[in-house]
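**Q** Pasting in a structure now, in structure tokens, and then I'll have a few things to ask.
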Amino acid sequence: MKSTVGREEKEVFGAYLSKNHLKRSEQREVILDTFLRSDRHLSVDDLLQMVQKRRPDIGRTTVYRTLKLLQSAGLAQELALDGQSRFERDYKREHHDHFICKSCGAIFEFTSPDIERLQDEIAADIGFAIEGHRHQIYGSCRSCTSRASRAEARRSP
Ligand SMILES: [Zn+2]
Ligand SMILES: [Zn+2]
């Protein structure tokens, strides 16, 4: 069952593994393939669950270690959220930032040329050389906000 999903990324990972004298194991390939089929921001346990549908013998440690390898290989980006890391595809993706709902954990991506330009200007003003940035903006998503206001309405007479 060879799939063509993320063929380029699989080549990049293969090259990374051999450069670092690491084994190209079947388990790692299943994990990578499963990861590449998702467009979400996955926690280790999210990915573990998906992987175990295909290979119940693959454990959490292997999934975690493989994600860290994908990160070093430039294929995954880690978002350090409150209490839990999430991973998303990073290979040849445009830079983007995140809104994170603190109630349900939903994550929304955004890019703003205005914000990017402003921070470049501010950095130039103070002579700061930017290497990268991550905006993680916390709050409530639309459905959590409306659920909260419905609950509020029920409480008041
Ligand atoms: Zn929410
Ligand atoms: Zn993202």
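**Q** Checking the structure you have, find out if any residue of the range 135-142 is within 14 Å of ligand 2 (Cβ to nearest atom), in a loop (DSSP other than H, G, I, E, B) and either under 27 Å from LEU36 (Cβ atoms) or basic (Lys, Arg) (or both). Give the derivation first.
**A** Of the range 135-142, the ones within 14 Å of ligand 2 (Cβ to nearest atom) are 135-137.
From what's left, in a loop (DSSP other than H, G, I, E, B): 135.
Next, only the ones that are either under 27 Å from LEU36 (Cβ atoms) or basic (Lys, Arg) (or both) stay: 135.
Checking the range 135-142: at least one residue is within 14 Å of ligand 2 (Cβ to nearest atom), in a loop (DSSP other than H, G, I, E, B) and either under 27 Å from LEU36 (Cβ atoms) or basic (Lys, Arg) (or both).
**Q** Determine whether the range 60-77 contains at least one residue that is within 16 Å of ligand 1 (Cβ to nearest atom), crowded, with 17+ Cβ neighbours inside 10 Å and not assigned by TED's automatic domain parsing to the domain that holds GLY139. Step through it out loud before you land on a result.
**A** As a first pass, look at the range 60-77 and keep what is within 16 Å of ligand 1 (Cβ to nearest atom): none.
Checked against the condition, which is being within 16 Å of ligand 1 (Cβ to nearest atom), crowded, with 17+ Cβ neighbours inside 10 Å and not assigned by TED's automatic domain parsing to the domain that holds GLY139, the range 60-77 yields no hits at all.
**Q** CYS101 versus (1) farther than 25 Å from GLU11 by Cα; (2) more than 16 Å from ligand 1 (Cβ to nearest atom): which is the lone unmet condition?
**A** Going through the list (1) farther than 25 Å from GLU11 by Cα; (2) more than 16 Å from ligand 1 (Cβ to nearest atom), CYS101 breaks only (2).
For every residue, the table says whether it meets (1) over 14 Å from the mean Cα position of the chain (by Cα); (2) of a type in the set (A, V, I, L, M, F, W, C); (3) under 30 Å from SER149 (Cβ atoms).
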| site | (1), (2), (3) |
| --- | --- |
| LEU17 | yes, yes, no |
| LEU36 | no, yes, no |
| ALA76 | no, yes, no |
| TYR91 | no, no, no |
| LYS102 | yes, no, yes |
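**Q** OK, next. Mind listing whichever residues of the range 140-157 are small (Gly, Ala, Ser) and surrounded by 12 or more Cβ atoms within 10 Å (Cβ to Cβ)?
**A** Of the residues in the range 140-157, the ones small (Gly, Ala, Ser) are 140, 143, 146, 148-149, 151, 153, 156.
Those that are small (Gly, Ala, Ser) and surrounded by 12 or more Cβ atoms within 10 Å (Cβ to Cβ): SER140, SER143, ALA148.
**Q** Let me ask you something else. Is it the case that ILE126 is within 16 Å of ligand 1 (Cβ to nearest atom), more than 30 Å from GLY14 (Cα to Cα), β-branched (Val, Ile, Thr) and outside the structural domain of GLY6 (by TED's automatic domain parsing)?
**A** Taking the combined requirement at face value, the residue does not satisfy it.
**Q** Residue by residue through the range 74-133, note down the ones that are closer than 24 Å to ARG7 by Cα and of a type in the set (Phe, Trp, Tyr).
**A** Scanning the range 74-133 gives PHE87, TYR91.
**Q** Still on this model: Would you confirm, using the coordinates I've provided, whether GLU131 is over 26 Å from LEU36 (Cα atoms), over 13 Å from the mean Cα position of the chain (by Cα), away from ligand 1 (no atom under 16 Å from the Cβ) and outside any helix (DSSP H, G or I)? Break it down into steps so the answer makes sense when it comes.
**A** Values: over 26 Å from LEU36 (Cα atoms): yes; over 13 Å from the mean Cα position of the chain (by Cα): yes; away from ligand 1 (no atom under 16 Å from the Cβ): yes; outside any helix (DSSP H, G or I): yes.
Answer is yes for this residue.
**Q** While we're here: Taking the range 143-157 as the search range and keeping residues that are among the hydroxyl-bearing types (Ser, Thr, Tyr) and at pLDDT below 90, which one is farthest from ligand 2 (Cβ to nearest atom)?
**A** Within the range 143-157, the first condition is being among the hydroxyl-bearing types (Ser, Thr, Tyr), and the residues that meet it are 143, 145-146, 149, 156.
Checking the rest, the ones that are also at pLDDT below 90 come to 149, 156.
Numbers: SER149: 28, SER156: 38 Å.
Ranking the qualifying residues of the range 143-157, first place goes to SER156.
The values are calculated or read from the model by the stated rules, or taken from the named source; none is laboratory data. Quick caveat, the model's predicted, so the values are computed rather than measured. Counting neighbours? That spans all protein chains shown, and the Cβs are built from the backbone with ideal geometry, glycine included.
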